[in-house]
Amino acid sequence: FPSFYPIVDGIFAIVKIMELLTLRGASLSQVIHELPRYSMSQTRVPCRWEHKGKVMRILNQQYQERRLEQVDGIKIDLGNEWVLILPDPDGPFFHIIAEGSSDEQARVLAEKYAGLVTGLQ
């Protein structure tokens, strides 16, 4: 709630959740049950240190027309799904994290982008 309070505050978040439950007349378990399902998959792709920058540059160029977030790595928004390609700061590899509508879809996305990163080296 940055418009009201510009820093993270756990107590304020709990109060807002309680307000939501009161206004809806629902229990917390009912609200959680109504949330959409999602699944995540993660894999790791080895990459030599000297190739990491090249891979990141190419990915930035290939996906510049999509909504990208570049906070930790490259997060590619695919609508209801997304993929985060994250270079490991301490090791010679990339983490590929994918969220999909099902376990199978998340796994397929993670494998697809792992193959892409492997092919760009």
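What is the percent carbon and sulfur in the accessible area of the chain, measuring with a 1.4 Å probe over the protein chains and ignoring ligands?
Here it works out to 57 percent.
Can you give the accessible area of D9 in Å² (nearest 10), computed on protein heavy atoms with a 1.4 Å probe?
Probe radius 1.4 Å; accessible area of D9 about 50 Å².
In square nanometres and to one decimal, what's the mean projected area of the convex hull around the Cα atoms of the range 22-74?
In nm², the orientation-averaged hull projection of the range 22-74 is 6.7.
Taking the highest mean first, how do the peptides 32-39, 92-99 order by number of other beta carbon atoms within 10 angstrom per residue?
92-99, 32-39
Please name whichever of W49, I32, L84 sits farthest to the positive end of the charge dipole of the range 16-98, dipole taken about the Cα centre and charges placed at Cβ: Lys and Arg +1, Asp and Glu -1.
Checked the options; the winner is W49.
What number, in nm² with one decimal, is the all-direction average of the projected area of the convex hull of the alpha-carbon atoms of the chain?
The Cα convex hull of the chain, projected and averaged over all directions, gives 10.0 nm².
How big is the accessible area of E50 in square angstrom, nearest 10, if you roll a 1.4 angstrom probe over the protein chains?
The accessible area of E50 comes to roughly 110 Å².
What accessible area per residue, rounded to a whole number of Å², is obtained for the chain using a probe radius of 1.4 Å?
70 Å²
The values are calculated or read from the model by the stated rules, or taken from the named source; none is laboratory data. Quick caveat: nothing in here was measured; it's all calculated off a predicted structure. Cβ atoms come from the backbone with ideal geometry, glycine included; neighbour counts cover every protein chain shown. The protein model used for the area step is the full one, side chains on, heavy atoms only, and it has no ligands, DNA or RNA in it. Shrake-Rupley method; radii C 1.70, N 1.55, O 1.52, S 1.80 Å.
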